Amino acid sequence: MSIKKLDPNVDFTLNILEKGDPNVIVEEGEFFTLEIKKLFDTSVLKSLGYDLDNLIGFVLHKNELPTSVGQRLGFFNTFLNEIIHRAIYKMKLNELAELSFEVNPDLFEESFAFKNKHHSENIVHLDLKFQLRVTNVEKKKPHECLIYKLDESQLFNLCLEHKADANELFKRSHIYTAFKRYHKSMSYLIIANQLINDKIRQKEENEMSESCEDDVLNKLNDLKNKLKEQKAILHSNLAMCQLKSCSYDMAIINCNKCLEIDCNNVKALFRRAQARTGCNDYDEALQDYRAALKFDPNNEEIKKRINHVESLKKTYNDAISGRLKKFFS
């Protein structure tokens with residue numbers, strides 16, 4: 001079985017060809033227009049069964065002219081699209097640049113880019129190069145886009161936006177990109193929670209006027225509870241992605257974090273059981289499945305999993321017993 005890392009580090013080079021407006025950059029969450037042109041031969045990609053348009057998340061012109069596409073910074077939807085967004089963070093308006101990087105094709109999401117069966121054992125890396133220019137930015141006011149100027153409600157809304165997108169990406173089997181977007185959602189949640197804690201501490205130190213203390217505190221606590229609920233869901237969803245890449249140990253850690261918040265979370269129990277099965281920890285897996293079944297007694301899938309793990313456990317124990325008999329005979 002081929003196990004892929006969910007967070008591969010792809011280094012890139014950004015070569016500035018023409019300087020742009022030094023006073024205008026694209027901030028997280030802002031809409032921008034990108035002119036992009038490929039500067040490499042796609043024949044190798046095609047021979048492997050990959051389609052560049054699917055890999056990049058939008059359709060490129062078939063001729064040599066740049067393609068103009070609208071994007072929202074940080075809201076990437078494919079593995080290659082995320083690399084492009086990382087480059088845009090470093091660019092200025094109307095700046096012309098060449099983006100180049102090496103990538104192992106095994107890191108591509110086969111489930112959305114795979115067309116024909118292929119074998120990439122003999123291919124180590126592909127050299128990809130694009131020409132980029134940001135031609136327009138829909139600038140927001142600082143308090144609408146700069147993370148350090150956003151309030152807790154704005155951060156929470158961004159958290160929900162990224163999570164909703166990640167849910168759709170996972171449904172389409174874009175596992176890596178879904179994982180990155182869930183992670184980004186968690187980042188906004190953590191910052192929002194810290195802001196709330198700071199404001200509650202200010203209240204306790206009597207830095208708020210008494211007339212608004214109770215109302216503000218109630219709103220903060222209400223949002224804090226919503227953040228806590230979303231944090232549990234995000235940990236469970238991160239584990240869901242990690243299961244797809246056979247990262248069982250990390251999936252268990254995220255399920256544990258979810259269950260620390262919500263001990264009755266059936267999905268987290270189910271996913272931890274899957275991860276423990278992958279680690280051959282059959283007794284603990286059965287314990288989780290049975291706990292999940294108590295909360296959802298009519299769930300036929302859980303019942304099937306229990307029977308399956310019991311069968312795996314018997315086969316595993318019989319194999320170990322056979323080996324020990326041979327060893328001591």
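The values are calculated or read from the model by the stated rules, or taken from the named source; none is laboratory data. The structure presented is a predicted model; accordingly, all values stated were derived computationally and were not measured. Note: ideal-geometry Cβ built from the backbone for every residue, glycine included; neighbour counts use all protein chains shown. These area figures cover heavy atoms from the full protein model, side chains too; ligands, DNA and RNA do not enter into them. Shrake-Rupley method; radii C 1.70, N 1.55, O 1.52, S 1.80 Å.
For Cα extents along the principal axes in Å, the value computed from the atomic coordinates appears in the list [x] 76, 69, 35; [y] 67, 63, 33; [z] 60, 50, 44 under label [x]. Of the solvent-accessible surface of the chain, computed with a 1.4 Å probe over protein heavy atoms with every protein chain present, carbon and sulfur atoms account for 48 percent.
Computed extension gain for Leu39 through Ile320, at 0.36 nm per residue and net of the alpha carbon distance, reaches 95.6 nm.
Taking +1 at the Cβ of each Lys and Arg and -1 at the Cβ of each Asp and Glu, which of Cys258, Met240, Leu227 sits farthest along the dipole of the stretch 218-266 towards its positive end, judged by Cα position relative to the Cα centre? Farthest towards the positive end: Leu227.
Which GluC sites (Glu not before Pro) in the stretch 177-274 pass both tests, a DSSP loop state and at most 13 other beta-carbon atoms within 10 Å? The partial results should precede the final answer.
Values: sites: Glu204, Glu205, Glu207, Glu210, Glu213, Glu229, Glu260; in loops: Glu205, Glu207.
Passing both the DSSP loop test and the Cβ count: Glu205, Glu207.
Given +1 at the Cβ of Lys and Arg, -1 at the Cβ of Asp and Glu and no other charges, the dipole of the chain around its Cα centre is 1300 debye to the nearest 20. Here the stretch 28-105 is assigned +1 on the Cβ of each Lys and Arg and -1 on the Cβ of each Asp and Glu. Its dipole about the Cα centre then comes out at about 40 debye. Backbone geometry of the stretch 91-107 corresponds, through the Karplus equation with coefficients 6.51, -1.76 and 1.60 at θ = phi - 60°, to 3J(HN,Hα) couplings of 9, 10, 4, 6, 6, 9, 9, 10, 9, 9, 6, 9, 9, 7, x, 5, 7 Hz, x marking Gly and Pro.
Using Cα pairs under 8 angstrom and six or more residues apart, how large is the relative contact order of the stretch 35-90, in percent?
Working: 41 pairs, mean separation 19.9, N = 56.
Computed over the stretch 35-90, the figure is 36 percent.
Compared with the direct C-alpha span, the chain from Leu52 to Lys226 gains 58.7 nm at full extension, assuming 0.36 nm per residue. Sequence-distant contacts, meaning Cα pairs under 8 Å at least 6 residues apart, place the relative contact order of the chain at 15 percent.
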